[in-house]
Every structure is written in C-alpha cells, then in structure tokens.
1. If you go through the stretch 297-335, how many residues are closer than 23 Å to I269 by Cβ and either modelled with pLDDT of 95 or more or surrounded by 12 or more Cβ atoms within 10 Å (Cβ to Cβ) (or both)?
2. Check every one of the helices (runs of 4 or more DSSP H) wholly within the stretch 159-270 and list those with 1 or more residues that are within 16 Å of the ligand (Cβ to nearest atom) and aliphatic (A, V, I, L, M).
3. Considering only residues that are among the polar types (S, T, N, Q) and outside any loop (DSSP other than H, G, I, E, B), which ones fall in the stretch 1-35?
4. Every residue in the stretch 79-105 that is in a strand (DSSP E or B) and either out of contact with any Phe, Trp or Tyr (no Cβ under 6 Å at 6 or more places or on another chain) or more than 16 Å from the ligand (Cβ to nearest atom) (or both), please.
5. How about the stretch 39-78: which of its residues are outside any loop (DSSP other than H, G, I, E, B) and either among the acidic types (D, E) or more than 15 Å from the ligand (Cβ to nearest atom) (or both)?
6. Scanning for something more than 17 Å from D167 (Cα to Cα), buried (at least 18 other Cβ atoms within 10 Å of the Cβ), of a type in the set (A, V, I, L, M) and touching a Phe, Trp or Tyr at 6+ places or on another chain (Cβ under 8 Å), does the stretch 216-230 turn up at least one residue?
7. In the stretch 48-101, which residues are under 26 Å from A329 (Cβ atoms), of a type in the set (S, T, N, Q) and in contact with a helix residue (DSSP H, G or I) (Cβ under 8 Å, 6 or more places away or on another chain)?
Amino acid sequence: MKFRGSDILSVDQFQKEDLQPLFDTAAQMEVYATRQKVTRVLEGSVLANLFFEPSTRSRVSFGSAFNRLGGEVRDTTGFTFSSMAKGESIHDTSRVISGYSDVMVVRHPEEGAVKQFADATNIPVINGGDGPGEHPTQALLDLYTVMKEHGKRLEDIDGLSIAMIGDLKYGRTVHSLAKLLSLFEGTSFSLISPKQLRMPREIIERIRTREHQVRETENLEVGVKGADIVYMTRIQEERFKTKREFARYRGRYSIDRQFYENRCKEGAILMHPLPIDSRPGAQEYSDDLHGHPQLAVYRQTDNGIPIRMALFALVLDVADKVHDTAKDALWYHPNVIDSN
Ligand code: NCD
C-alpha cells in the first residue's frame, strides 16, 4: 500500500504486508508517545479534526498524536456549531477546510460520509468512524495491542482465538477488526451477540472464504471458552430507533472478576474499544476488574497514540525524518504508561 498522500477510509486498503512497516513505525513513535522525547517533524502543519458524533478518546487521541509530532490541531465538534447547521454540503465543508489544513480526520454518523469528504478534497482524509460502518484506526490500534499482549510479533497472531461480544451489528470497531484479523492464518472467531445484533453477513462470509473458523452464539459462557482475546463492546445506544429497543439488550453481557476467573481461558486478554457503559445495569466489564493485569483496555487506549502518530507520519511522508529533530522532553511527567 502507498501511504504517502493516501486517505485512510477502510481496513480493506491494508494487506498483511502493510502491517509490519506500520507497526515498526508505531514502535519508533513510542518514545514520543511516552513523553521521553519530543519531535517537531510536523512543525507548521495543521490537522482539522472534525467530529460530528460524540467522542472523547478518539478525538483527543488523534489531536494529541498530531501535537506529539509538532503539528497544530483545529477541532470542531457536533453539527450545531458548524456551517452544516446552515445547510452547507459535505463537499463545500471539505473543500473549505482543505484550504486551512494539511490533513483531515472526520467522524460522522452516516456510513459513507467520510468518503464523501475525501472525494471533495485532495488532502488526506482519515476515517475517525462513519456511523455503523468502519473505524479503521481503532482496528489498527486493537491489532497492535493484540500483537503486543499476545506474543510480540505479528506472526504470533496466526492461530489466534478471539471472542467478540455485544453489539456486533452496529459496532464499527468489530467490523474493522474482524476484517483485519481475517488477513492472518487460522483465526478462530467466536461471535457472541443477541440474534438481532449479529455481525453483518457479508463480514462473516468474508471471514469464512478465508477459511477461518466462525461460531455464533448468544451464550457468553459458551462463547468465551478457550478464547485468547475477549473483545467486549458497548450496545450502540445511538443507533437504535427507540430507547425501548435499546433497553432490551443493555446489560445482556457483563464480565466481572469471578466470571473471568471461572470461565475464561487462563491468561485471556480483556479488550474493549471504550467507552464502557458504566451506568448500573450495563457495565460490560465490572469495576472489580480494575487493576487486573489482564485487563488491557487502558494499554489499548495508550496504543492509539503511537499508531495514529505512525499513520500521520506515513501519510504526510515524514516517517524517516521523525528522529531528526528529536530532543529530550524537559518537563516533569509521572510514568503513567503500563499501569491500569
Ligand atoms: C468506539 C466508536 O466510537 O466506535 N469508540 C472509540 O472510538 N474508541 C466504540 C463505541 O462507541 O462503543
């Protein structure tokens, strides 16, 4: 895959051989992500970070990754304060923003809308989540996390067994991750969801044609058995037509320490794209798992920074120059990385 100047819209753009260079670049970014060093390689460049749907993590993570490369960030959030509230088209917004910035990240509630932004401009556009469609950068950071937690090398992902749990119909992170994992050999997918929230058929077909194993079940206990990775998701409240329909599924699947210890494979890694719905009656992971060494969810969010730095550096074609401007970081910071 050619990164220079490219949009990142879907994981379909990636072949297995593109992952190693991306992850090698991400590994090189870790000294900056962990605030040991600073680089100014993107000094003078501007990221337009356009989020038309709720987000804390992805928006701040994209912004911080760009800042850590020395670039500047302009954020907009929601429709209310944007010109789209005055009826402006995606084409016009995208074209106008291209005059102000060097790269755009867009999150939008409609599947396919981010591609429309990309079609209207020639600066690179990165999909920060398009409705129930895809979330490619989340899947890449998830895969990077799987690699670091389970083995260390990309080849260690072959033969992996993963349980994906929750809202597999509307959850864009699992759509992207399932497609990426199907690039490997002999993956075993256990898809655990209510019948009405099953993984889209075309994704299951795709996995099956690559000769991976796929099992679908509604039963959490049955589904997690033997899984190396347990990947929980939130029921996507915002995609349901009524609160009543959403309430039918909320809290259906929850894992606490006792369940983990009695039902999951020893050493199984617990992942979640976050946010966890922490309200009573939901809690995909219960609070009693805080501090558990196999709960990888915060290491997963930390990994978002080096992965997004790597994507920016590759797309803007400065990956080989990042260390040229490197200096020691001078300010105080506690060592937060690696803690739960
Ligand atoms: C996810 C998303 O927005 O798709 N969050 C994220 O970006 N990490 C998952 C979710 O909202 O449930």
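The values are calculated or read from the model by the stated rules, or taken from the named source; none is laboratory data. If you're wondering where the values come from, they're calculated on a predicted model, not measured in any experiment. Neighbour counts run over all protein chains shown; Cβ positions are idealised from the backbone, glycine included.
1. Count: 13.
2. In the stretch 159-270, 172-181, 201-209 are the helices (runs of 4 or more DSSP H) which contain 1 or more residues that are within 16 Å of the ligand (Cβ to nearest atom) and aliphatic (A, V, I, L, M).
3. Q13, Q20, T25, Q28
4. Correct list: V103, M104.
5. Scanning the stretch 39-78 gives V46, L47, A48, F66, N67, R68, E72, V73, R74, D75, T76.
6. No, the stretch 216-230 has no match at all.
7. Once the filter is applied, which keeps residues that are under 26 Å from A329 (Cβ atoms), of a type in the set (S, T, N, Q) and in contact with a helix residue (DSSP H, G or I) (Cβ under 8 Å, 6 or more places away or on another chain), the stretch 48-101 yields N49, S58, S61, S64.
Okay, residues lined up against (1) more than 16 Å from R308 (Cα to Cα); (2) surrounded by fewer than 24 Cβ atoms within 10 Å (Cβ to Cβ); (3) of a type in the set (A, V, I, L, M, F, W, C):
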| site | (1), (2), (3) |
| --- | --- |
| Q116 | yes, yes, no |
| N122 | yes, yes, no |
| D130 | yes, no, no |
| A139 | no, no, yes |
| M147 | yes, yes, yes |
| H150 | yes, yes, no |
| L160 | yes, yes, yes |
| A178 | yes, no, yes |
